[in-house]
Amino acid sequence: MIIETATPDDLPKLVAFRQEAAGWLTDLGTDQWQRPYPADKLLATIRQGVVFMVRDGAATAATITLTPDAEDGLWSDRELAEPSMFINKLMVARTHAGRDLGGRLLDWAGDRASLSGAAWLRLDAWTTNTKLQGYYLQHGFSHVRTVTEGGAINGGPRVSGWLAQRPAALCGTHALTDQADRLPAV
């Protein structure tokens with residue numbers, strides 16, 4: 001498997017990933033990602049070069065966004081002063097589920113964060129999705145706090161404010177290359 005920076009041509013695939021993930025999450029009993037993510041905002045992050053696609057031959061197996069920019073209103077000024085990288089929109093295609101591809105992507109992100117000089121790999125997760133929170137805890141993240149106010153549309157409660165972090169450190173689970181990053185086969 002190869003990890004490549006997404007291009008604008010990947011936008012339809014990313015929108016489809018989000019729809020597939022929303023349906024799967026509904027089946028699991030959570031309301032996460034029921035509101036469609038604006039395609040123009042997704043395209044803007046693609047153009048920033050922070051969205052990555054995992055290719056498994058001709059198939060796209062997963063996606064992750066890894067950025068030095070935190071979402072407003074989540075992290076304290078003291079935390080923001082610490083060099084960090086932030087994970088967003090980690091999604092694995094259902095065709096590739098059950099192989100810990102998400103865990104390997106978290107390790108890949110930790111490697112990239114470490115190599116960039118970051119001290120922390122951070123994320124925010126859906127506040128009511130306890131299974132997802134448990135997944136991140138199993139992959140070495142520690143819960144920092146849950147932010148429930150200030151960020152949702154029309155001043156409503158924040159839905160993705162469960163904050164977690166782990167030290168940015170080289171995991172050595174894959175080889176980094178100049179062309180694309182490679183994940184080992186499972």
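We did not get these values from a lab; they are worked out from the coordinates using the rules stated. Everything numeric in this text was worked out from a predicted model, so none of it was measured.
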Amide H of residue 62: which non-local residues (sequence gap of 5 or more, or other chain) have their own amide H closer than 5 Å, using H built in the peptide plane? 54, 93
Phi angles of the range 119-127, converted by Karplus (6.51 cos²θ - 1.76 cosθ + 1.60, θ = phi - 60°) into ³J(HN,Hα) in whole Hz with x for Gly and Pro, give 8, 10, 10, 10, 7, 10, 10, 4, 5
Under 5 Å between amide H atoms, partner at least 5 residues away or on a different chain: which partners does residue 90 have, H built in plane at 1.01 Å? 65
Show me, for the range 107-116, the HN-Hα J-couplings you get by feeding each phi into the Karplus relation (A = 6.51, B = -1.76, C = 1.60, θ = phi - 60°), rounded to Hz, glycine and proline as x. 5, 4, 5, x, 4, 4, 4, 4, 5, 7
The set of residues whose placed amide H lies less than 5 Å from the amide H of residue 162, leaving out same-chain residues fewer than 5 positions away, is 125, 127, 147
